Amino acid sequence: MMATWTGKGPWSLRRGQADALKPVVKAFACGYVSSTLPRLPATVKTLLASDLAVQQKLELLTSALTSSVGINRFPTSCALIVGGSTLLPRLLRSILLWLRQHVPLHVFVRLLNVIIREATLVSAFVSAWVAFRLLNKDDGWARRQANSRVEQIRPTLDSPNQHHLPPPGYHMQYAGKTIDFTLFAFCRAIDVAVISAWISSRGTSFHPELMVPKLTSLVKTLADPWVFSTSSAVIMWSWFFAPDRLPKTYNQWISRIAEIDNRLIQALRLCRQGDLVYGSSTTKDADLPSLCKELNLPQVWGNPTITVPIPCELYHCGAGKSCEVHAVRRFWKAFSSAMRLYLPLQFISHVRRPTFDYRRMSNVVVGAARSSSFLAAFVSLFYYAVCLARTRLGPKIFSRTVTPQMWDSGLCVLAGCLACGWSILLENASRRQDIAFFVAPRALATLLPRVYDRRFQRREQIVFATSVAIVMSAVQKKHHNVRGVFGKFLEGVLR
């Protein structure tokens, strides 16, 4: 007769131990899904389009499903960070309590008390430090970066910067695999630190909520929109004048939403570089006359040696003379395109039961319309602000100080960058913070090198470990200082 497991004995797993391991398993599963799922569409497309043998298709599918499983992969690092933040504090407190009892030195005991109180913070820092090391032990990533950049750093024989080259025999070791992860954790840690400082100082007499309550309320309302608008301005400026600083997929997504002719972008870039100068015969050709021909406009409009400045009608790409009509058309086009994306997503997120409910359906439509309006306003505000700056209001207000060359060298694009982000005010207040802290790390990434020499990696490691420790400690202590969907997600993983 087969023995029945009773849950008792030396080999049984206690319920408390199993519960303690749940966060680790959840973290690994979430990390696995987030790193594997984006690869599956391309893999499935390859499997359907190729004439590979069954065995080869199975190997390709297996590789896609198991490539994220490894000691130096993202799921393992997630499990290590969560496990170190939940399991390690128990062990650390036990050791420190034992030391406090057997080493009765007053100064040492005070230090131990501080460490015991911040055991979660210390444990999260240590686990994040180790996870960072594991993530960056990836020779394959370093080789790919070396192969992709060797042509960029190889000097020509007549290079004027020979004295800046590294010494003979120096081989640069690349780092930067985790830069996006680090910047995300850093932005979240800054948010947690600001909120914690704000809450902890509420008891003081000089707190802004007591001194200037109306101004404080306004600042609190505009804080997340300001983060988003500033981040959007940096990203859009990079998209125009430094597209190589953006990830390829992000660059393609912005280009698809913007729908602007590349010849116009090239003209603005040449203008900023000083290669396109109004009224000069040495101006480089941005091929604008061909665009005028396609739009049935006078080709002389595309000649910057004659036409100063290039008319807005050319930037409207056939939408007519009115900048307002162009902005409305841009809004409607982006709105209708976004509704096709947001309406199914809103429907899936709201409808959990098969019963029909008018109120639920109206919430679906309103939510999709709000999100679509935000994206459409982002696009239309950018274009309208550019027109206002370069031909409508800008020349009238600054006619004596700012020339058309200066507007098209970057000031008109800057106006669009500064205006478009405030469309976030059309979104729900609860969603603004999630959108803002989704964009903020990407804006920071445009200001920092995505790939750098490994000898500077320790700096990133310190920022990464400190940021993760602050966020994980805040979630563990249940201060609710980690806001938005990300905070609720972490609480669900650690529960």
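The tail of the calculated P(r) for the stretch 364-495 beyond 21 Å holds 63 percent of all Cα-Cα pairs. Volume per residue of the convex hull around the Cα atoms, evaluated for the stretch 250-302, comes out as 83 Å³.
Could you sort the peptides 411-423, 208-220, 235-247 by per-residue average Cβ neighbour count (10 Å cutoff), highest mean leading? Don't skip to the end; give the middle numbers.
Values: 411-423: 21.8, 208-220: 11.8, 235-247: 17.5.
Ranked from most to least packed, the peptides come out as 411-423, 235-247, 208-220.
Each residue, SER50 and THR401, gets one label point 7 Å from its Cα in the Cβ direction; the gap between the two is 6.1 nm.
Under the 0.36 nm per residue contour assumption, what length would be gained going from the current alpha-carbon distance of VAL325 and PHE241 to full extension?
Values: separation 84, 0.36 × 84 = 30.24 nm, distance 2.69 nm.
Taking VAL325 through PHE241 to full extension adds about 27.6 nm, to one decimal.
Phi angles of the stretch 371-387 translate, via the Karplus equation with coefficients 6.51, -1.76, 1.60 and θ = phi - 60°, into HN-Hα couplings of 5, 5, 5, 4, 5, 5, 5, 4, 5, 5, 5, 4, 5, 5, 5, 4, 5 Hz per residue; Gly and Pro are given as x. Treating r as the C-beta distance of PHE489 and VAL25 and R0 as 22 Å, the FRET efficiency rounds to 0.90. Computed from backbone phi with θ = phi - 60° and the Karplus coefficients 6.51, -1.76 and 1.60, the 3J(HN,Hα) list for the stretch 21-27 is 8, 4, x, 5, 5, 4, 5 Hz; x is used for glycine and proline. Between ASP138 and ARG359, the distance separating the two model label sites (each 7 Å from Cα on the Cα→Cβ line) works out to 4.7 nm. Derived scalar couplings between HN and Hα for the stretch 38-54 equal x, 7, 5, x, 5, 5, 4, 4, 5, 5, 6, 8, 8, 9, 6, 5, 4 Hz in order, rounded to whole Hz, by the Karplus curve 6.51 cos²θ - 1.76 cosθ + 1.60 (θ = phi - 60°), x for Gly and Pro. Listed by chain and number, the aspartates and glutamates whose alpha-carbon sits under 16 Å from that of LYS293, ignoring those within fewer than 8 places in the same chain, are ASP261, ASP285, GLU313.
Any idea how far apart VAL308 and ILE348 come out in nm if each label point goes 7 Å out from Cα toward Cβ? Computed distance between label sites VAL308 and ILE348 equals 5.5 nm. Using C-alpha pairs under 8 Å with a sequence gap of at least 6, the mean separation divided by the residue count of the stretch 328-477 gives a relative contact order of 22 percent.
Rounded if a/c is under 1.5, else prolate if a/b is larger than b/c, else oblate: which is the stretch 165-273, with a ≥ b ≥ c the root eigenvalues of its Cα gyration tensor? Provide the component values of the computation, followed by the final result.
Numbers: a/c = 3.03, a/b = 1.58, b/c = 1.92.
Here the stretch 165-273 falls in the oblate category.
A Stokes-Einstein calculation at 10 °C with viscosity 1.306 mPa s, built on the Kirkwood radius of the stretch 305-428 over Cα pairs, returns a diffusion coefficient of 97 µm²/s.
Rg and Dmax of the stretch 255-350, both derived from C-alpha coordinates alone, stand at 17.2, 61 Å.
Can you tell me the length gained on complete extension of the stretch VAL300 to ASP180, counting 0.36 nm per residue apart and subtracting the Cα distance?
Details: separation 120, 0.36 × 120 = 43.20 nm, distance 4.60 nm.
Residue separation times 0.36 nm, minus the Cα-Cα distance, leaves 38.6 nm.
Cross-link partners for LYS488 among the lysines, with Cα-Cα distance under 25 Å and sequence neighbours closer than 8 places in the same chain left out: LYS22, LYS26, LYS220, LYS477, LYS478.
Coordinate-derived values only; no laboratory data. On a predicted model such as this, the values are computed, not experimentally measured, just so you know. Because the Cβ atoms are built from the backbone with ideal geometry, glycine has one as well, and the counts that use them run over all protein chains shown.
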